[in-house]
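The values are calculated or read from the model by the stated rules, or taken from the named source; none is laboratory data. Just so we're clear, the structure is a prediction, and the values are computed from it rather than from any experiment. Cβ: placed from backbone, ideal geometry, glycine included. Neighbour counts: every protein chain shown.
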Amino acid sequence: MSKKVRHLLGISGGKDSTALAIYLRNNYPEIDIEYYFCDTGKELNETYTLINELEIFLGKKIKLLRAADKSNEEPFDHFLKVYGGYLPSSQARWCTKNLKLEPFEKFAGKDLVISYVAIRGDEDREGYVSTKSNIQTVFPFRKNIWSIEILNAVFGNGNISKVAKLYKAFACKTINKRAIEIIFTPTSDNLFFSQKLNALLDLSVKTFNKVVFEFLKDSDYPIANLTGFPLIENEEIIVMEDVKKLFKENGVTFPRYYNEIEYEVEVQKGKYARSRSGCYFCFYQQKIEWIWLFEQHPNLFEKAMEYEKDGFTWNENESLKDIIKPERINQIKKDHLEKSKKTSVKSNKLVDILNDDSGMSCVNCFI
Ligand code: SF4
């Protein structure tokens with residue numbers, strides 16, 4: 001007998017997860033989605049405003065998940081003490097684990113869960129996939145909605161005949177003929193997925209999704225318990241421009257911290273903004289974002305500075321006290337301006353301008 005499956009969507013306070021909530025609400029109202037937000041207690045006010053506005057739009061509560069909910073301290077401060085004042089960093093990201101992942105997995109419990117993650121179609125990164133076998137991740141904004149471990153199974157050598165049979169059952173003659181050629185064509189290890197996956201998706205997204213859905217029916221994945229899954233019919237790919245449109249067309253305010261603000265450095269003008277949601281002191285921030293925080297939210301910058309003690313700093317080799325020395329601010333702005341000019345030659349897409357060149361990001365906090 002089929003077991004109940006829960007549908008969960010985490011709102012980070014960023015543009016993409018909010019856009020996904022809007023998109024699914026508009027296009028798939030039949031999916032009974034539970035929304036949640038993992039609150040670190042250190043988010044920007046704009047994030048809490050967005051959560052409130054989104055609740056009104058969705059007509060549903062967004063469940064607030066707070067780690068260490070018995071503590072009388074904010075979740076982040078509670079764990080900072082547990083870690084002996086050791087500030088989190090990209091090498092020691094205890095914050096994501098304790099403040100985002102664990103509350104989510106506790107919320108999911110042992111239930112079968114489909115988790116919806118807003119990696120856009122114009123992004124080249126894998127989203128977070130839970131290691132818990134009762135939680136399955138799907139990516140509705142991408143051309144390929146399935147997670148990597150499912151693709152591994154579908155394209156596994158031992159499953160070629162099964163996938164071929166499913167194509168025979170569900171594809172029209174023309175698609176089936178070409179699909180069989182693709183499935184049985186040997187590929188190199190490196191290009192295994194990109195070759196076969198893209199070729200099959202280019203043939204027909206809907207057929208590929210139908211085949212995967214049927215393929216999973218014999219598996220332990222949560223989706224195997226569903227009689228149907230409307231997203232397998234979806235061929236839309238959502239990119240940055242669509243995300244902005246979703247906000248505009250549905251009357252939801254685009255998070256204000258993305259709004260570019262002009263700055264001046266040595267008679268030249270540049271623009272800065274925050275590029276992501278998450279804690280105001282997040283160590284993933286670019287230097288220019290720290291300056292943005294200093295100039296636009298001086299009280300929060302002050303608070304971030306208070307965390308820097310006993311030799312711990314948010315940035316490697318540079319304290320916040322040093323970052324805001326006038327000559328350093330100038331240098332950071334000049335560097336940023338130079339970089340923006342180069343970026344705008346390559347592309348004028350907001351995604352490119354705002355993305356950190358470090359390539360680091362935390363999908364659980366920022367999407
Ligand atoms: S936003 Fe940054 S500091 Fe906050 S939990 Fe995420 S990674 Fe950690």
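Taking the range 276-290, which residues are out of contact with any strand residue (DSSP E or B) (no Cβ under 7 Å at 6 or more places or on another chain) and more than 12 Å from the ligand (Cβ to nearest atom)?
Across the range 276-290, the qualifying residues are Gln286, Lys287, Trp290.
Of the residues Lys196, Lys244, Lys177, Lys217, which is modelled with pLDDT of 95 or more and not assigned by TED's automatic domain parsing to the domain that holds Asn52?
Working: Lys196 fails: modelled with pLDDT of 95 or more; Lys244 fails: not assigned by TED's automatic domain parsing to the domain that holds Asn52; Lys177 fails: modelled with pLDDT of 95 or more.
Testing whether each residue is modelled with pLDDT of 95 or more and not assigned by TED's automatic domain parsing to the domain that holds Asn52 leaves just Lys217.
Sort through Lys3, Lys63, Lys70 and tell me the only one that's of a type outside the set (A, V, I, L, M) and within 20 Å of the chain's Cα centre (by Cα). Please lay out each step first, then the result.
On the way: Lys3 fails: within 20 Å of the chain's Cα centre (by Cα); Lys70 fails: within 20 Å of the chain's Cα centre (by Cα).
From the options Lys3, Lys63, Lys70, the qualifying one is Lys63.
Taking the criterion of being out of contact with any Cys (no Cβ under 6 Å at 6 or more places or on another chain) and on the phi > 0 side of the Ramachandran plot, would at least one residue in the range 144-157 satisfy it? Break it down stepwise before answering.
Keep residues of the range 144-157 that are out of contact with any Cys (no Cβ under 6 Å at 6 or more places or on another chain), which gives 144-157.
Next, from what is left, pick out any that are on the phi > 0 side of the Ramachandran plot: none.
No.
If a residue must be touching a residue at least 24 places away in the same chain (Cβ under 8 Å) and within 15 Å of Ala171 (Cα to Cα), how many such residues does the range 209-220 contain?
We begin by selecting, within the range 209-220, every residue touching a residue at least 24 places away in the same chain (Cβ under 8 Å); these are 209-212, 214-216, 219-220.
The next check asks that each one be within 15 Å of Ala171 (Cα to Cα); those that pass are 209-212, 214-215.
Result for the range 209-220: 6.
Test of understanding: among Glu295, Glu264, which residue is part of a helix (DSSP H, G or I) and surrounded by fewer than 17 Cβ atoms within 10 Å (Cβ to Cβ)? Spell out how you get there, then give the answer.
Numbers: Glu264 fails: part of a helix (DSSP H, G or I).
Of Glu295, Glu264, the one residue that is part of a helix (DSSP H, G or I) and surrounded by fewer than 17 Cβ atoms within 10 Å (Cβ to Cβ) is Glu295.
Six or more apart or on different chains, Cβ under 8 Å: which pairs go from a residue in the range 291-311 that's in the same structural domain as Ala273 (by TED's automatic domain parsing) to one that's assigned to a helix (DSSP H, G or I) and surrounded by fewer than 17 Cβ atoms within 10 Å (Cβ to Cβ)? Could you list them?
Qualifying pairs under 8 Å: Met305/Lys321; Glu308/Lys321.
Consider Glu30 against the criteria (1) surrounded by fewer than 14 Cβ atoms within 10 Å (Cβ to Cβ); (2) free of Cβ contacts under 8 Å to residues at least 24 places away in the same chain: it satisfies all of them except one. Which criterion is unmet?
(2)
Which residue, of Lys287, Lys334, is out of contact with any helix residue (DSSP H, G or I) (no Cβ under 6 Å at 6 or more places or on another chain) and either surrounded by 14 or more Cβ atoms within 10 Å (Cβ to Cβ) or at pLDDT below 95 (or both)?
On the way: Lys287 fails: out of contact with any helix residue (DSSP H, G or I) (no Cβ under 6 Å at 6 or more places or on another chain).
The unique qualifying residue is Lys334.
Show the residue pairs meeting these rules: Cβ distance below 8 Å; 6+ apart or different chains; first residue within the range 329-344 and free of Cβ contacts under 8 Å to residues at least 40 places away in the same chain; second residue part of a helix (DSSP H, G or I).
The qualifying pairs are Ile329/Ile291; Ile329/Phe294; Ile329/Ile323; Thr343/Asp352; Thr343/Ile353; Ser344/Ile353.
Just one of (1) under 25 Å from Tyr221 (Cβ atoms); (2) outside any helix (DSSP H, G or I) trips up Tyr23, so point out which.
Failed condition: (2).
Select, from Val154, Val113, Val117, Val129, the only residue that is away from the ligand (no atom under 16 Å from the Cβ), under 30 Å from Phe76 (Cα atoms), in contact (Cβ under 8 Å) with a residue 40 or more places away in the chain and not aromatic (Phe, Trp, Tyr).
Sole residue among the options that is away from the ligand (no atom under 16 Å from the Cβ), under 30 Å from Phe76 (Cα atoms), in contact (Cβ under 8 Å) with a residue 40 or more places away in the chain and not aromatic (Phe, Trp, Tyr): Val113.
Looking at (1) in contact (Cβ under 8 Å) with a residue 40 or more places away in the chain; (2) within 14 Å of the ligand (Cβ to nearest atom); (3) surrounded by 14 or more Cβ atoms within 10 Å (Cβ to Cβ), which one does Phe37 not meet, given that it meets all the others?
Unmet for Phe37, out of (1) in contact (Cβ under 8 Å) with a residue 40 or more places away in the chain; (2) within 14 Å of the ligand (Cβ to nearest atom); (3) surrounded by 14 or more Cβ atoms within 10 Å (Cβ to Cβ): (1).
Find all pairs meeting these conditions: Cβ atoms under 7 angstrom apart; at least six residues apart or on different chains; first residue within the range 53-68 and more than 23 Å from Lys42 (Cα to Cα) and assigned by TED's automatic domain parsing to the domain that holds Arg25; second residue surrounded by 18 or more Cβ atoms within 10 Å (Cβ to Cβ) and not polar (S, T, N, Q).
Pairs that qualify, where the first residue is more than 23 Å from Lys42 (Cα to Cα) and assigned by TED's automatic domain parsing to the domain that holds Arg25 and the partner is surrounded by 18 or more Cβ atoms within 10 Å (Cβ to Cβ) and not polar (S, T, N, Q), are Phe57/Ile22; Phe57/Val252; Leu58/Ala21; Leu58/Arg25; Leu58/Tyr35; Lys60/Tyr35.
Identify, from the list Phe170, Phe104, the residue that is more than 16 Å from the ligand (Cβ to nearest atom) and surrounded by 16 or more Cβ atoms within 10 Å (Cβ to Cβ).
Details: Phe104 fails: more than 16 Å from the ligand (Cβ to nearest atom).
Going through Phe170, Phe104 in turn, just one is more than 16 Å from the ligand (Cβ to nearest atom) and surrounded by 16 or more Cβ atoms within 10 Å (Cβ to Cβ): Phe170.
Would a scan of the range 54-65 turn up a residue that is within 16 Å of the ligand (Cβ to nearest atom) and not in a helix (DSSP H, G or I)? Explain how you work it out, then say what you get.
Taking the range 54-65 first, the residues within 16 Å of the ligand (Cβ to nearest atom) are 64-65.
Of the ones still in play, those that are also not in a helix (DSSP H, G or I) are 64-65.
Yes, the range 54-65 contains at least one residue that is within 16 Å of the ligand (Cβ to nearest atom) and not in a helix (DSSP H, G or I).
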